[in-house]
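The structure appears right after this line, and notes come after that.
The values are calculated or read from the model by the stated rules, or taken from the named source; none is laboratory data. Keep in mind that this is a model prediction, so the values were computed, not measured. Positions of Cβ are backbone-derived with ideal geometry, glycine not excepted, and every protein chain shown enters the neighbour counts. These accessible areas exclude ligands, DNA and RNA; they are computed on the full protein's heavy atoms, side chains included. Shrake-Rupley method; radii C 1.70, N 1.55, O 1.52, S 1.80 Å.
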Amino acid sequence: MKFKWTLLCLSLLVASAGFVRAEDEIDTDEEMIVSEDQVLVETEGDESILEDVEPTDADTFLLFTKPVFEEKASIELPAGRLSEFLVGFTNKGSNDLVLETLDASLRYPMDFNFHIQNFTTVLLEKTIPPGSQATLGYAFIPADAFAGRPFGLSINLAYRDIEGKQMISKLYNDTVNIIEVEEGLDGETLFLYVLMAAACVLLLVCGQQFLYSVGKKRVGGGLPNRTRANLETGTKSSKQVDMDWVPKNVLNHLNKQKAQSPKQKRAKKTD
Amino acid sequence: MYSLKSFIIVALVCTSLTVSSLDTARLLVSKQVLNKLLVQDSDILVKYTIYNVGSVPATNVILQDSGFPAEAFATVKGNLNIRFNRIPSGANVTHAVVIKPLTYGRFNFSAAVVQYKSSENAEEPQFAISSEPGEGYIISYAEYDKKFSPHLLDWFAFAVMSLPAVVAPFMLWWVSKSKYELILKQKREKVSKD
């Protein structure tokens, strides 16, 4: 009887633990954590394949800090702009874990083995003692050319345990939209507007000139009297010469010279 | 009957354990250096942001940054050790410190250390380290000045040197202009008298 009770108790415990595990998974799914831990297994060749194993001592969390998303389901990254995320890492086990690298890449959404853009692989080499947490920062810029298309974003964190076994935690492995940034006013459009304004002004000036000349021809039928009178015909009489601008001493000098003509001078000399 | 009691106790312990492991605060701490150019003897802004992504508030959060040794950095404004009583779930806290490097050369900006109580009844504090801004090169003030100084004294000297070349022709023009204007004025006065 006692044995039966303990058996029941044990089975319940296991069931409850399983339930908790399942609940945990749902919770993590909701919070955008993808912690499918995988182990790099060396095969005969140089190729290494990824093999799913049971969850390890590590617990990871991904949080995009730039841009900030209200809905966690749809991630939209601006092309050509900085995107930043933080990775939280907790060592739940009883041995040290060493963080190795953190990398991100854009993949072809139909085939995640096809790399479109690789971002920096950050070398970390950080030892996380048991029960401790660490935060890692990462920033990247999706290329301008990829605007307006969906891409697979893959973020991987590599770490190793005390035995040197390498593990890769896939922090994010889903399709994201790369969106085009709507700029308020760029230089190109500004100069286009300036050019258009200049063209308008030029057109107005031309139109005014044209209308003026047409109007003059029609009304005057030639040059009016006033303009004829003002026509330059050369200096005919000395009275028309305006000597205002000449300094007085120069004028006096000139008058003196005029009064005594060269002939008179000569006559005087001969006398 | 005895075993039933033990079962209930075990079940209670189990549920309490699972609850405590689920409902914890979780802090992500980012440390950023906001300056693009690190210059000796000028201010550097360091920003710490703490995000609580857990489900319960984090209490007694202590942020300590011992990454700026006193012989190489002076704190201009703010505190490198700070305590937040409570960071609610889903909230974030920003803390900024202004420091001044006293020397120049390469410097590794390392992580700050944070400790907090992950739940109300947690006994042991949770330790965490922030993100690392990484290595930066602090340039000397002379180097910075060579590139970015406004060269006010140089421009003043240039102005003084170029002054004769501008003023001499102007004076010549001015003298002749005033001479002819005086004549015109006298003429006008004469006309008005007549």
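With the condition kept exactly as written, say whether any residue in the range B:118-129 is assigned to a strand (DSSP E or B), closer than 22 Å to residue B:45 by Cβ and touching an Asp or Glu at 6+ places or on another chain (Cβ under 7 Å). No; the residues of the range B:118-129 include none that is assigned to a strand (DSSP E or B), closer than 22 Å to residue B:45 by Cβ and touching an Asp or Glu at 6+ places or on another chain (Cβ under 7 Å). Would you confirm whether or not the range B:91-100 contains a residue that is open to solvent by less than 50 Å² (accessible area, probe 1.4 Å) and within 14 Å of another protein chain (Cβ to nearest Cβ)? Checking the range B:91-100: at least one residue is open to solvent by less than 50 Å² (accessible area, probe 1.4 Å) and within 14 Å of another protein chain (Cβ to nearest Cβ). Scanning the range B:62-82 for residues that are crowded, with 20+ Cβ neighbours inside 10 Å and either of a type in the set (Ser, Thr, Tyr) or closer than 17 Å to residue B:117 by Cα (or both) yields a single hit, B:63. Could you tell me whether residue A:107 is at pLDDT 90 or above and basic (Lys, Arg)? Taking the combined requirement at face value, the residue satisfies it. Within the range A:66-104, the set of residues being surrounded by 19 or more Cβ atoms within 10 Å (Cβ to Cβ) and among the polar types (S, T, N, Q) comprises A:83, A:90, A:91. When the residues of the range B:103-117 are narrowed to those that are assigned to a strand (DSSP E or B) and open to solvent by 70 Å² or more (accessible area, probe 1.4 Å), which ends up nearest to the other protein chains (Cβ to nearest Cβ)? This residue is B:108. Checked against the criterion of being closer than 23 Å to residue B:115 by Cα, within 14 Å of chain B (Cβ to nearest Cβ) and of a type in the set (Gly, Ala, Ser), the range A:94-113 contains not a single residue that satisfies it. Considering (1) out of contact with any Ser or Thr (no Cβ under 8 Å at 6 or more places or on another chain); (2) more than 12 Å from chain A (Cβ to nearest Cβ); (3) in a loop (DSSP other than H, G, I, E, B); (4) more than 29 Å from residue B:43 (Cα to Cα), the lone condition that residue B:60 does not fulfil carries the number (3). Restricting attention to the range A:116-149, the residues being surrounded by 15 or more Cβ atoms within 10 Å (Cβ to Cβ), more than 10 Å from residue A:104 (Cβ to Cβ) and within 14 Å of another protein chain (Cβ to nearest Cβ) number 9.
Can you list the strands (runs of 3 or more DSSP E) lying wholly within the range A:67-167 that have 1 or more residues being more than 19 Å from residue B:131 (Cα to Cα) and in contact (Cβ under 8 Å) with a residue 12 or more places away in the chain? Filter on the range A:67-167 gives A:76-78, A:97-108, A:111-118, A:149-160.
Residues in the range B:82-102 that are assigned to a loop (DSSP other than H, G, I, E, B) and closer than 30 Å to residue A:69 by Cβ: B:88, B:89, B:90, B:91. Tallying residues that are away from chain A (no Cβ under 14 Å) and either surrounded by fewer than 10 Cβ atoms within 10 Å (Cβ to Cβ) or assigned to a helix (DSSP H, G or I) (or both) within the range B:149-191 yields 24. The set of residues in the range B:63-81 being part of a strand (DSSP E or B) and over 11 Å from residue B:48 (Cα atoms) consists of B:73, B:74, B:75, B:76, B:77, B:81. When B:15, B:59 are checked against the criterion of being modelled with pLDDT under 95, buried (at least 16 other Cβ atoms within 10 Å of the Cβ) and more than 23 Å from residue A:137 (Cβ to Cβ), a single residue qualifies: B:59.
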